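What follows is a single structure, written as structure tokens, with notes after it.
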Amino acid sequence: MNRMDAVMEEMGLHPLWRLKPGKANEFPDEPAAMGWEEMKSAIESCTACPLHKGRNRTVVGVGSEKADWLFIGEAPGAEEDLKGEPFVGQAGKLLDNMLASIGLSRENNVYIANTVKCRPPANRNPEPSEMAACHPFLSRQIELVGPKLIVLLGRIAAQSVLDSDASISSLRGKVHACGNIPAIVTYHPAYLLRNPMDKSKAWEDLCFARKVMTGL
Ligand code: SF4
């Protein structure tokens, strides 16, 4: 049993992200069977982890719901929590610039989501149990978008989605698998704002992602 499955097991969720029969739960339905509107509504009323207590708005995702490119970050911040949209503010502007540098935009050919849909207090990292609780929604989003390539933004998203303890530096520059979808790892835009010297590495990652996508 891998790390994410172990957390899910502790929470009464079995490894296919479905609820155990007869186990009390806070999910109104099983996300694995939901369409977009049903899932958005379920997220808005979700109380499956403690993050629901501090949220103003849930942050489901933004962009084309049938995009070839899916970008996944870690969690909503303060501005996202107020607006209900991922990656707004300075980190969002940088992400938009990164997308534009390889001919992408959230308006046209990209979908952007996070590992959790509610803001962690004081912008702390989401706990493994919170990411596990929210994973059925992320998993269903991935199915509904049906991307050709997933780009994981930052250590938290990469380790959670790839179920890995590896450092971001060792995960960069490789093609990983998220189910049967190729995934690559790069830095989170918020990290790049604090560490601008690594922007050149992020540019290398984006060029690598574009090359991988071209070959699909
Ligand atoms: Fe539900 Fe996800 Fe919000 Fe937790 S973060 S309350 S699992 S929608």
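Could you list, bin by bin from short to long, the percent of Cα-Cα pairs of the chain in 10 Å steps?
Computed distribution, short to long bins: 8, 36, 39, 15, 2, 0.
Could you compute the net charge surrounding Gly89? Neighbours are other residues with a C-beta less than 12 Å from the C-beta of Gly89; K and R count +1, D and E count -1.
-3
Would you mind checking Lys40/Lys199; Lys83/Lys174; Lys53/Lys83; Lys53/Lys93 for any pair whose Cα atoms are more than 25 angstrom apart?
Over 25 Å apart, Cα to Cα: Lys40/Lys199; Lys83/Lys174; Lys53/Lys93.
Ignoring ligands, DNA and RNA, how do Glu65, Glu37 rank by accessible area with a 1.4 Å probe, largest first?
Glu37, Glu65
So, with a 1.4 angstrom probe, what is the percent of accessible area on the stretch 3-214 that is carbon and sulfur?
50
Per residue, how much accessible surface does the stretch 71-117 expose to a 1.4 Å probe? Answer in Å², no decimals.
Heavy-atom SASA per residue in the stretch 71-117 reads 35 Å².
Just reorder Trp203, Trp69 by solvent-accessible area, largest first, 1.4 Å probe, all chains present.
Largest to smallest exposure gives the sequence Trp203, Trp69.
From the backbone phi of the stretch 131-145, what are the Karplus-calculated ³J(HN,Hα) couplings (6.51 cos²θ - 1.76 cosθ + 1.60, θ = phi - 60°) in whole Hz, Gly and Pro given as x?
5, 5, 5, 8, 4, x, 5, 5, 4, 5, 4, 4, 5, 5, 5
Using 0.36 nm per residue of separation minus the Cα-Cα distance, give me the extension gain between Arg124 and Lys199 in nm, one decimal.
24.7 nm
The values are calculated or read from the model by the stated rules, or taken from the named source; none is laboratory data. Every value quoted in this text rests on a predicted model; they were computed, and no experiment measured them. Virtual Cβ from ideal backbone geometry, glycine too; neighbours counted across all protein chains shown. Heads up: the accessible areas ignore ligands, DNA and RNA and are worked out on the full protein's heavy atoms, side chains in. Shrake-Rupley method; radii C 1.70, N 1.55, O 1.52, S 1.80 Å.
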